[in-house]
Amino acid sequence: MRIGSIITDHDEGLEVFVRRRNTMTRLLAIAALGLSFVLPGAPAVAAPAAPARQLSDVIPAPVETRPDARGTFTLGPLTVIRTSPGSAAAWRVGRQLAQTLRSATGYPLPVLPVRSTPLPEIALVVGGADGRVGQEGYQLDVTRRGVTIRANTGAGLFAGTQTLRQLLPAQIEASDRQRVTWTVPGGRIVDYPRFAYRGAMLDLARHFHTVDEITAYVDLLSQYKINYLHLHLTDDQGWRIQIDSWPRLTAVGGGPGTGVDGAGPGFLTKADYRAVAAYAAARHITIVPEIDMPGHTNAAQSTYAELNCDGVAPPPRTDMAVGYSSLCIDDELTYRFVEDVIREVAEITPGPFLHIGGDEALATTDEDYRTFMERVLPLVAKYGKRASGWNEVMQVDPPTDVVAQFWGTGTTNADLAEAAARGNKVVMSPANKSYLDMKYDANTRLGLRWAGYIEVRDAYGWDPAHRVTGVGEDAILGVEAPLWSETLRTLDDIEYMAFPRLPAIAELGWSTAASHDWESFRTRLGAQAPRWRLQEVDFYPSPQVPWS
Ligand code: TNX
């Protein structure tokens, strides 16, 4: 068992105890506990010199850092995590931070929802931050006495704790713990995102990814202030989300042999999906479900013959071809099916968005595509969600609340520019920059290369607001890094393609355009490697990066 979990159980009681009787005596009891925990075996030797971390050694790059060399804080056995009294959001973030830091440091780090303490502390405070931090930003102050993170929301506090994690030494194995001093460089950070939407995408249709794999990815994403996870749930090969009114979608479309090249079965039950959404929400990540239509629908159409214009079910397909399937546009049954699916998916989705795909509908005529979208987009609104779709959806001049996800490789797109001018918002996922399933270079074992090779510098080297003519800063909702899974099966595969490019896209989504700087980024990226090794992230050791 890891020592962190023993402590967690132990001081759960203590925290409640202190909450009830908020007195100094109790705090001193905790201090004593901290000491008793650390004294046995604690060596008197100084820690070996580690490369000095700076306040700005963080990904994504913070908006403003003001180092103060006199302010170094050392986290120790007596440190407590203090949260704003009465704030459930701060308390939750405090508990999460405690869990992370306990397993790294071995210190008890009790979480105390009190106004002040005489002990060294990491304080999570609601309110009082710099006026610029908004709903997701934070202000982080480090002095000799402690660390204070101030924010207006739980999301802001959580973002601040992710920064704090990176400012501490990489977490280490229990056996090495005592050689490390847990210092945080002094000064102030004021930080907030450039864009509201900072996304990643997993494709569960081509190869299913389990709840454990998805939540493991969520953990990694949340460290880089990603706040949306788009799940591509259905495609020609497989159907990966339970729909009660059409039960064979998953019974057949999630069955054995439905992955590319006949790989394994799998789908999310509604309970699984809710669990994933709740796990993500606890890390301030919102799930965006995608049901791809009117193309990419062979899994549904090979299962239900009545979804085909000729009433004949095509054979199941597990090859990688695209663009051959289409729902039957003139058949009322199609819209009953689509409405059932949208209603059931909307019902289990806490977030605002429902993605209806709309890409590569090459087997649907333009006129049929318009007819289909004009009927389906209102259904998303009917069930209380905001529709998003791949950029093709902009061909039908949808209402301005519909979000376009740009996946092209070029720098012009007339439909998208016109939509932006009308007021539609755009999520930028240029395939030749942000597609995490593209190979790094000719030697990459996994991935595809239709949009070109994408090395780390390519993934980092663009500006979302200067990518497509006529689609400027005001039109950009944010960025997303999709990871299509034709060639990916395991979590290791996911990690290898996402790291180190995912942090590059995360930085483009969060950090200011003015902070964009390859030399700085590659240095900060290289410094992440010890963390990834400890977390067993199977990253690609790009030769472009000076890995620590
Ligand atoms: C294009 S991008 C697709 C997907 C493939 C992907 C592979 C997009 C909207 N459609 O169907 O999986 O390329 O890179």
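The values are calculated or read from the model by the stated rules, or taken from the named source; none is laboratory data. Everything quoted here is computed from the prediction, not taken from an experiment. When we count neighbours, we look across all protein chains shown, and the Cβ atoms used for this are built from the backbone with ideal geometry, even at glycine. Protein only, heavy atoms only, side chains kept; ligands, DNA and RNA dropped before computing areas. Shrake-Rupley method; radii C 1.70, N 1.55, O 1.52, S 1.80 Å.
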Flagged in the range 124-139 as closer than 19 Å to R198 by Cβ and in contact with a Ser or Thr (Cβ under 6 Å, 6 or more places away or on another chain), in numbering order, are Q135
| message | Looking at the structure I just gave you, is R165 modelled with pLDDT of 95 or more, open to solvent by 40 Å² or more (accessible area, probe 1.4 Å), farther than 22 Å from W390 by Cα and in a helix (DSSP H, G or I)? | response | yes
Filtering the range 377-393 down to residues that are of a type outside the set (D, E, K, R) and either on the phi < 0 side of the Ramachandran plot or part of a helix (DSSP H, G or I) (or both) yields L377, P378, L379, V380, A381, Y383, A387, S388, G389, W390, N391, V393
Checked A263, A282, A277 against criteria (modelled with pLDDT under 95, open to solvent by less than 50 Å² (accessible area, probe 1.4 Å) and among the aliphatic types (A, V, I, L, M)); the one match is A263
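Results for (1) within 16 Å of the ligand (Cβ to nearest atom); (2) part of a loop (DSSP other than H, G, I, E, B); (3) closer than 23 Å to W484 by Cα, shown as yes or no for each residue.
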| site | (1), (2), (3) |
| --- | --- |
| S325 | yes, yes, yes |
| V341 | no, no, yes |
| E344 | no, no, no |
| D359 | yes, yes, yes |
| R370 | no, no, no |
| R375 | no, no, no |
| Q395 | yes, no, no |
The residue that is nearest to the ligand (Cβ to nearest atom), considering only those in the range 191-211 that are basic (K, R) and within 30 Å of G137 (Cβ to Cβ), is R198
Scanning the range 288-323 for residues that are acidic (D, E), over 16 Å from Y335 (Cβ atoms) and not in a loop (DSSP other than H, G, I, E, B) gives E290
Is it the case, given these coordinates, that R102 is touching a helix residue (DSSP H, G or I) at 6+ places or on another chain (Cβ under 9 Å), charged (D, E, K, R) and buried (at least 23 other Cβ atoms within 10 Å of the Cβ)?
no
Among G238, G266, G257, the single one that is more than 25 Å from the chain's Cα centre (by Cα) and farther than 30 Å from G94 by Cα is G257
With criteria (1) more than 16 Å from the ligand (Cβ to nearest atom); (2) on the phi < 0 side of the Ramachandran plot; (3) crowded, with 19+ Cβ neighbours inside 10 Å, K225 comes up short on (2)
The one condition A155 fails out of (1) open to solvent by less than 10 Å² (accessible area, probe 1.4 Å); (2) closer than 30 Å to P500 by Cα is (1)
Notebook entry, point to check: Taking the stated definitions as given, is K382 open to solvent by 10 Å² or more (accessible area, probe 1.4 Å) and within 29 Å of C309 (Cα to Cα)?
Noted result: yes
Restricted to the range 202-211 and to residues being in contact (Cβ under 8 Å) with a residue 60 or more places away in the chain and not basic (K, R), the residue surrounded by the most Cβ atoms within 10 Å (Cβ to Cβ) is A205
Restricting the range 302-323 to residues that are closer than 26 Å to S388 by Cα and within 16 Å of the ligand (Cβ to nearest atom), the one least open to solvent (accessible area, probe 1.4 Å) turns out to be G323
Going through the range 121-156 in order, the residues found to be within 14 Å of E64 (Cβ to Cβ) and touching a Lys or Arg at 6+ places or on another chain (Cβ under 6 Å) are A129, Q139, D141
Criterion first (in a helix (DSSP H, G or I) and either of a type in the set (S, T, N, Q) or more than 20 Å from the chain's Cα centre (by Cα) (or both)) does S520 satisfy it?
yes
R449 fails exactly one of (1) crowded, with 18+ Cβ neighbours inside 10 Å; (2) closer than 27 Å to G238 by Cβ; (3) touching a strand residue (DSSP E or B) at 6+ places or on another chain (Cβ under 9 Å), namely (1)
From the option list R370, R375, single residue qualifying as free of Cβ contacts under 8 Å to residues at least 40 places away in the same chain, surrounded by fewer than 17 Cβ atoms within 10 Å (Cβ to Cβ) and over 25 Å from V276 (Cβ atoms) is R370
